[in-house]
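Engineer: Please see the structure below; I have some questions.
The values are calculated or read from the model by the stated rules, or taken from the named source; none is laboratory data. Treat the numbers as computed from the prediction; the structure is a model and nothing was measured. Here the Cβ positions follow ideal geometry from the backbone for every residue, glycine too, while neighbour counts run over all protein chains shown. These area figures cover heavy atoms from the full protein model, side chains too; ligands, DNA and RNA do not enter into them. Shrake-Rupley method; radii C 1.70, N 1.55, O 1.52, S 1.80 Å.
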Amino acid sequence: MKILSAEFVTSAVKVDQYPELRLPEIAFAGRSNVGKSSLINVLVNRKRLVKTSSTPGRTQLVNFFDINDEITFVDLPGYGYAKAPKRVVREWGPMVERYLAERRSLKGALLLIDIRRSPREDEFNLIEWFRAHGIPFRVVLTKADKFSNNKRQSNVSRIARELGLKSREMIVFSALTRSGRDEVWQAITELIAPPSAPMDQE
């Protein structure tokens, strides 16, 4: 997609703080420091649309971004960082679940997992939650530049096996090299407007 505009809209904690239902929305979910901000910045060709931090747990709000006045990207709070304040940790789960359950303009989600790590309980729970609520999703494996090609493919196969998915269903991405950017955009396009099933031939 050619990016003509990419703008921050608002941050929210409560449902009544969300922007109006106007554009299809794609949610970005993942563990703290998995690279959600970096992925969004690469997708929209901006260096600092979403603030990145070396300190996990900084994204503690639901953040909305208007892309081309066509799509809204929704950066969900990262999870799994024990050093965040206990009050914030308690609020993360309900905040994310409330958005996913109640947002009628949500078309799908990208679940980001660090390619160097094994999926943990949080990832399995999110996938079960997506499926239970009929939310289409794709898995994006981030930080692919940390491995050689052979090691990368080995980890893709392992993570796919652990998640019960196929390797070809994984999108391998690197913010450093920008590899996988086109594949992520293709996934977003399909989540917003799934390909039509071919008509039966008579």
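Engineer: Starting from the Cα-Cα distance between residue 104 and residue 189, subtract it from 0.36 nm times their residue separation and give me the gain in nm to one decimal.
Structural biologist: Length difference between fully extended and current span is 28.8 nm.
Engineer: Using helices alone, I'd like the mean residue ellipticity at 222 nm for the chain: each DSSP H run of four-plus residues gives -39500 (n - 2.57), total over residue count, nearest 500.
Structural biologist: Helix contribution divided over all residues of the chain: -10000 deg cm²/dmol.
Engineer: Write down the percent of antiparallel bridges among all DSSP beta bridges whose residues are both part of the range 6-192, to the nearest 5.
Structural biologist: Expressed as a percentage, antiparallel bridges in the range 6-192 total about 35.
Engineer: Next question. So if R0 is 41 Å, what FRET efficiency would residue 120 and residue 4 give, r being the distance between their Cβ atoms, rounded to the nearest 0.05?
Structural biologist: Computed FRET efficiency for residue 120 and residue 4: 0.60.
Engineer: How many angstrom lie between the C-alpha centres of the range 1-36 and the range 122-170?
Structural biologist: Spelled out, the Cα-based centre of one part sits 22 Å from the other.
Engineer: Could you please state how large a percent of the accessible area of the range 6-192 is carbon and sulfur, counting protein chains only and using a 1.4 Å probe?
Structural biologist: In the range 6-192, the share of accessible area belonging to carbon and sulfur is 46 percent.
Engineer: Pulled fully out, how much extra length does the chain show between residue 158 and residue 145, if you take 0.36 nm times their separation in residues and subtract their Cα-Cα distance?
Structural biologist: Stretched fully, the residue 158-residue 145 segment lengthens by 3.0 nm.
Engineer: Counting only C-alpha contacts under 8 Å and six or more residues apart, can you give the relative contact order of the range 120-187 as a whole percent?
Structural biologist: Reported as a whole number, the value is 33 percent.
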